[in-house]
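Everything below concerns the one structure shown next.
No value in this document is a laboratory result; all are computed from the given coordinates. Since we're looking at a predicted model, the values are computed, not measured. Cβ placement follows ideal geometry from the backbone for every residue including glycine, while neighbour counts extend to all protein chains displayed.
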Amino acid sequence: MRVLEDQFAGRIAVVTGAGQGVGEAVTRLLVARGARVAAVDMHEAGLKSLVADLGSRRVTAHRVDVADADAVRTLVDDVEQDLGPIHYLVNVAGVLRPATVLETADEDWERTMAVNAGGVFHMSRAAARRMARRRAGAVVTVGSNAAGVPRTAMAAYAASKAAAAHVTRCLGLELARSGVRCNIVSPGSTDTAMQRGLWDGDEPPASVLDGDPESYRVGIPLGRIADPRDIAEAVAFLLSDRARHITMQDLYVDGGATLHV
């Protein structure tokens, strides 16, 4: 549809975690629909691949650690100076270091919280300050269904994603009168490098689709794991003017896995 192809024409977006997985899918979809994207990641090879595929006029690469508040402020300054006013921010950058609470190392807890929660805080604060002054903009944070349902061996990840989601909702409340909308997309199991790191082979274990009673995990009613494009489509909708009256919401995109109310 032509209306979708042009829906982000002339708009500037910042996407973190853009070098692979969901962040890459979001970047490619926004560019396909007309946006210029500042792609942010520590995964330099993935950023170079994006620029090579999509062109430097549509994508600019920024190797930035979102856990570094000073680096984030510099990033936002540079993007606005080089590309123009930021219309959209998509927080995707994240790390997963599975371990039970009793086995989680201090450094793994701290890094997970610094990237998954701190990164969302730093990026959202820096970008939303500009958006609020212009009284326009949208923020979408890619969280996780683990933020709303306990998971074994994922306490640090789940807690960090819950924190990121609530920061986003609080920001949305504070900025509602300025016209800046802030929402969350919470995926379940999605075919990314992070997810595949939990598998023993190239295919998802049966427990992912059918559930695992020993881990207190239900299956996925739709019978498939998500493709990164599934998550990107939800993000694009919440950024778009079609969602102009939606803010502070958490959209679960998990095939029904959490039986979420």
GLU5-ASP210 pseudo-label distance in nm [points 7 Å out on the Cα-to-Cβ vector]: 4.5
ALA99/ASP70 FRET efficiency (R0 22 Å; Cβ-Cβ; nearest 0.05): 0.15
Distant-in-sequence amide H partners of VAL14 (H built 1.01 Å from N, under 5 Å): ALA38, TYR88, LEU89, VAL90
Amide proton proximity set for CYS182, modelled H, under 5 Å, gap of 5+: VAL139, MET248
Nearest 10 degrees, 0 to 90: helix 44-54 Cα axis against the chain principal axis: 60
Label point 7 Å beyond Cα of ALA193 along Cβ direction - residues of the range 116-159 with amide nitrogen under 18 Å: 116
Sparsely packed trypsin sites (Lys or Arg not before Pro) within the range 1-97, loop by DSSP, other Cβ within 10 Å at most 15: ARG57
Relative contact order [Cα under 8 Å, 6+ residues apart], the range 73-218, whole percent: 25
Shape category assigned to the range 147-190 from the gyration tensor of Cα positions, a/c cut at 1.5: prolate
Additional length obtainable on full extension of the chain from GLU110 to ARG229, 0.36 nm per residue less Cα span: 39.8 nm
Rounded to 5, percent antiparallel among DSSP beta bridges of the chain: 5
Cα long-axis angle, helix 155-175 against the chain (0 to 90 degrees, to the nearest 10): 30
Residue-count net charge about GLY148 - beta-carbon cut-off 11 Å; Lys, Arg +1, Asp, Glu -1: 0
Whole-angstrom Cα spans of the chain along principal axes, big to small: 52, 42, 38
Using θ = phi - 60° and Karplus 6.51 cos²θ - 1.76 cosθ + 1.60, couplings along the range 247-254 (whole Hz; Gly, Pro as x): 8, 6, 9, 10, 9, 7, 10, 9
Three-way shape label, the range 18-85, alpha-carbon gyration tensor, a/c 1.5: oblate
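Using Cα-Cα distances under 8 Å and only pairs 6 or more residues apart, what relative contact order does the chain have, in percent?
Answer for the chain is 18 percent.
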